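Accompanying notes for the structure given below.
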Amino acid sequence: MPHTHHVTPSEIGMLRIYLRRGDKSGPRTARSLWGAKPLYRELVQTAKADGLMNAVAHPTQYGYSNHGPVREDGSETVDPQLTVCVEVIGHREQLEQFCRRHGDLLGGKVIVYKHLEHWSITPAGLAHEDATPQELAVTP
């Protein structure tokens, strides 16, 4: 049976940034703590603005980060100290630049880099360079 699609691998990486759900972006003042945007949202929007491939925030129900105490998400209350993981995917150089550019947001956070491989799927007979974004899109 002939193959109908080609798989083209490319090297990319992933950052996992661990922070507290209650961490806020911007300067810390009494007024800003109530109205400031959550840091995990700021990081995702910043990654988008920087042109990175993917950025998502994963909530947790139970765990710890940076040698802190074990926390859990209760059924009646939300623990602002509970860990959130922001996952950012792109080329290693882009991720390093992201960390250098936004070090003020990332200082003191646990950040892990992982090497990944990105696969582009194209119909057989169509060169990867000639494919449209719709032809390259892979739905889960």
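Key figures for this structure:
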{"quantity": "Single residue of the range 20-63 satisfying the filter (closer than 13 Å to V86 by Cα, surrounded by fewer than 16 Cβ atoms within 10 Å (Cβ to Cβ) and of a type outside the set (D, E, K, R)) that is modelled with the lowest pLDDT", "calculated": "P59"}
{"quantity": "Residue list for the range 106-137, filter: among the aliphatic types (A, V, I, L, M), surrounded by 10 or more Cβ atoms within 10 Å (Cβ to Cβ) and either within 19 Å of N54 (Cβ to Cβ) or modelled with pLDDT under 60 (or both)", "calculated": "L106, I111, V112, L116, I121, A131, L136, A137"}
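The values are calculated or read from the model by the stated rules, or taken from the named source; none is laboratory data. From a predicted model like this one, the values you see are computed outputs, not experimental measurements. Cβ: placed from backbone, ideal geometry, glycine included. Neighbour counts: every protein chain shown.
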